[in-house]
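Down below is the structure, laid out as structure tokens.
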Amino acid sequence: MGRKLLLENDHIEGIHSYEVYRKNGGYKSVEKALKSMTPEAVVEEVKKSGLRGRGGAGFPTGMKWSFLAKPEGVPRYLVCNADESEPGTFKDRYLMERIPHLLVEGMITSSYALGANTGYIYVRGEYFYIIKILEQAISEAYTNGWLGKNILGTGYNLDLYVQCGAGAYICGEETALLESLEGKRGNPRIKPPFPAVKGLWECPTVVNNVETIAAVVPIVNDGGDAYAAIGIGKSTGTKLISASGHIKKPGVYEIELGVSVEEFIYADEYCGGILNDKKLKAVVAGGSSVPILPADLILKTASGEKRLMTYESLADGGFATGTMLGSGGFIVMDESTSIVKNLHTFARFYHHESCGQCSPCREGTGWMEKILHKILDGHGTLADVDLLWDIQRKIEGNTICPLGDAAAWPVASAIRHFKSEFEAYVTNRKSIPDVKYYFHCNNLDAAAAYSSL
Amino acid sequence: MSDSNKITFSPESEALIKNLVKRYPEGKHKSALLPALHIAQAEFNGWLSAPVMDKVAELLNLQPIEVYEVASFYSMYNLKPVGKCLIEVCRTSSCWLRGAEDVVKHIEKRLGIKDGETTTDGKFTLKTVECLGSCGTAPMLQIGQTFYENLTLEKVDKILEEWKDAGKHSSYLDEHTFRNI
């Protein structure tokens, strides 16, 4: 059984309430940081911990914090990215629902480290019931003196607010999130300047994922070295994995980075094996944006080594034979799964979620969806498969934000590893029951799509 | 611009919107726009008409275009009328793997409408949506702030039964969602 740092107490009844959370060691990191550490010392511990951004990019958190500009007389902000929308990812929701005070505590300790006196938690609009839970937790924190003026008599002030989104995946991109928080459309900004220099209302801002901020609590409590002792190499500490799809036990699992993929899929402690004991076909290991891998490559790297749940091992082989840890959205598919149909759900997703700012993404995501739709509708040709490949190549790297890349990678990897399946859909379509059955799609005029192809 | 004079928010909603502005620094009241639009939608039958959006603009001291451009960007704002019960079924990968298509087909059949349509009696609107973060409890659908998870067709029938006589429009928020500052 691996160590748990974030979900250690999630089984305790009433842990969502202040009293129970506090009784079980809650808010100790705030006491420790504010009373016995300088802000710089807290940043130092986070650097030592090797913690990497848990939203998906995996950028070292301590380094991100150290980039924060500190001009005199200008407010600084800490913004928590709780816009969890990456398909396959539901860990932040679980954490906020079960242990909301862990996030509040992490926000206080982290804000202190950054010298921020105001923090915002930006929660996706669909999670409105979670907003209610967080608002309650924040109220309790104010009542008990953990927020507001002169916290613990140290002279440190912090106000913490929840902000709601309204249904836009793109707002998980940090600059789009800041635009949205300013009450605008969620169009990502051109970087530089980075938020660390010009962020919320043009002030220096750090944006961190829910899980990243929560991880600061055990790091401050036990020290960065203790955190770094868990895991392998540059993949330190624990990670929340959202497991879904064709598995016996879907759910959120906190793993020590370094568990093998095989153990994670088949051990009773985690996913418990494939549903109905079918064979494993493919896995999307880190949320919809990362490359899909077939069973043989997800269990073992191309060089035959056991694939581990770490940033490095999952990326081994680059995109030719590897993938990414991403957000930890682990989607498992059994032997009966149509890779083409699954890809269609992803393509539709990215088309729906493209903000429309950059032409390659706005147009390209639409075309990828239309072509996959055409293939599923029984009108595909071999040239369509090549066209899909061509379009994704023209999106990748040509957009302001990574949504374009995120839309391209699933298409590229599905064709790379399952090309014969695409070919079967267009050359042997009568034998595939899926063909001719698809979702009614609001924004797609199929007849127009075909005639323009 | 439409006639927003005919639109009146309840005193509670108006007070709440004014209170939300306190969450942001002086002069940054535009940040209250997203929550304010949610409050407006909840108050005015689950959708945002032009006069309602104009009223929000007036309350927040914004130009109407600033409100329209935001309302049209985010998928949770409905710009045309919806039924009393807005059913949002997730259809992205994990939900699809666990049977979302069957859920959609079942609802379409039961209600006699297609995705995006409203029943003639104005009771139900069906909308398919992208990943709602309920992948481990798939398939799922959302009505207002409630997630209905691990769906079976029997469960779906029960939910439809439960909502068929709803008095109020389903809403993402209630009077306790935001704390007063």
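Summary of computed values
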{"quantity": "Failed item in (1) touching a residue at least 60 places away in the same chain (Cβ under 8 Å); (2) of a type in the set (A, V, I, L, M, F, W, C); (3) away from chain B (no Cβ under 14 Å); (4) surrounded by fewer than 24 Cβ atoms within 10 Å (Cβ to Cβ), with A:A226 passing the rest", "calculated": "(1)"}
{"quantity": "Members of region A:229-246 that are at the interface with another protein chain (Cβ under 9 Å from one of its Cβ atoms) and either at positive phi or in a strand (DSSP E or B) (or both)", "calculated": "A:S242, A:A243, A:S244, A:G245"}
{"quantity": "Which numbered condition A:L152 misses (of (1) within 12 Å of chain B (Cβ to nearest Cβ); (2) surrounded by fewer than 24 Cβ atoms within 10 Å (Cβ to Cβ); (3) hydrophobic (A, V, I, L, M, F, W, C); (4) touching a residue at least 60 places away in the same chain (Cβ under 8 Å))", "calculated": "(1)"}
{"quantity": "Residues satisfying the stated conditions in region A:260-304, i.e. farther than 24 Å from A:G56 by Cα and of a type in the set (S, T, N, Q)", "calculated": "A:N276, A:S303"}
{"quantity": "Checking A:S359 against (1) in contact (Cβ under 8 Å) with a residue 40 or more places away in the chain; (2) among the small types (G, A, S); (3) out of contact with any Leu (no Cβ under 9 Å at 6 or more places or on another chain), the condition it does not meet", "calculated": "(1)"}
{"quantity": "Those residues of region A:244-269 which are among the aromatic types (F, W, Y), within 16 Å of A:L299 (Cα to Cα) and free of Cβ contacts under 8 Å to residues at least 40 places away in the same chain, in sequence order", "calculated": "A:Y266"}
{"quantity": "Pair list, Cβ < 8 Å and 6+ apart or interchain, from region A:172-187 residues that are more than 8 Å from chain B (Cβ to nearest Cβ) to residues that are among the acidic types (D, E)", "calculated": "A:G172/A:D83; A:G172/A:E84; A:G172/A:E86; A:L177/A:D83; A:N187/A:E179"}
{"quantity": "Qualifying positions in region A:320-361 - out of contact with any helix residue (DSSP H, G or I) (no Cβ under 7 Å at 6 or more places or on another chain) and more than 12 Å from chain B (Cβ to nearest Cβ)", "calculated": "A:A320, A:G326, A:E335, A:S359"}
{"quantity": "Failed item, numbered, when A:T109 is tested on (1) closer than 19 Å to A:E179 by Cα; (2) among the β-branched types (V, I, T); (3) more than 13 Å from chain B (Cβ to nearest Cβ)", "calculated": "(1)"}
{"quantity": "Residue match in region B:94-103 (condition: surrounded by fewer than 17 Cβ atoms within 10 Å (Cβ to Cβ) and more than 9 Å from chain A (Cβ to nearest Cβ))", "calculated": "yes"}
{"quantity": "Filter pass, B:I87 being more than 11 Å from chain A (Cβ to nearest Cβ), assigned to a helix (DSSP H, G or I) and modelled with pLDDT of 95 or more", "calculated": "no"}
{"quantity": "Region A:97-126 - residue that is farther than 25 Å from A:F67 by Cα and among the charged types (D, E, K, R) and, of those, farthest from the chain's Cα centre (by Cα)", "calculated": "A:R98"}
{"quantity": "Odd one out for B:A15 among (1) more than 12 Å from chain A (Cβ to nearest Cβ); (2) touching a residue at least 24 places away in the same chain (Cβ under 8 Å); (3) outside any loop (DSSP other than H, G, I, E, B)", "calculated": "(2)"}
{"quantity": "Residues of region B:117-145 satisfying the condition of being at the interface with another protein chain (Cβ under 9 Å from one of its Cβ atoms) and at positive phi", "calculated": "B:G133, B:G144"}
{"quantity": "Residues within region B:46-94 that are of a type in the set (A, V, I, L, M, F, W, C) and more than 30 Å from A:S244 (Cβ to Cβ), tallied", "calculated": "15"}
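One line per residue, one yes/no per condition, for (1) in contact with a helix residue (DSSP H, G or I) (Cβ under 7 Å, 6 or more places away or on another chain); (2) assigned to a loop (DSSP other than H, G, I, E, B); (3) modelled with pLDDT of 95 or more:
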| site | (1), (2), (3) |
| --- | --- |
| A:G2 | no, yes, no |
| A:L5 | yes, yes, yes |
| A:I12 | yes, yes, yes |
| A:H16 | yes, yes, yes |
| A:Y21 | yes, no, yes |
| A:G26 | yes, yes, yes |
| A:K32 | yes, no, yes |
| A:K48 | yes, no, yes |
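Listed here are the residues, each with its yes/no results for (1) outside any helix (DSSP H, G or I); (2) in contact with an Asp or Glu (Cβ under 9 Å, 6 or more places away or on another chain); (3) closer than 13 Å to A:A214 by Cα; (4) modelled with pLDDT under 95.
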{"site": "A:L78", "(1), (2), (3), (4)": "yes, no, no, no"}
{"site": "A:P87", "(1), (2), (3), (4)": "yes, yes, no, no"}
{"site": "A:L95", "(1), (2), (3), (4)": "no, yes, yes, no"}
{"site": "A:H101", "(1), (2), (3), (4)": "no, yes, yes, no"}
{"site": "A:E105", "(1), (2), (3), (4)": "no, no, yes, no"}
{"site": "A:T109", "(1), (2), (3), (4)": "no, no, yes, no"}
{"site": "A:A113", "(1), (2), (3), (4)": "no, yes, no, no"}
{"site": "A:Y120", "(1), (2), (3), (4)": "yes, no, no, no"}
{"site": "A:E126", "(1), (2), (3), (4)": "no, yes, no, no"}
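The values are calculated or read from the model by the stated rules, or taken from the named source; none is laboratory data. Remember, predicted model here, so these are calculated numbers, not experimental data. No Cβ is skipped: glycine too gets one built from the backbone with ideal geometry, and neighbour counts run over all protein chains shown.
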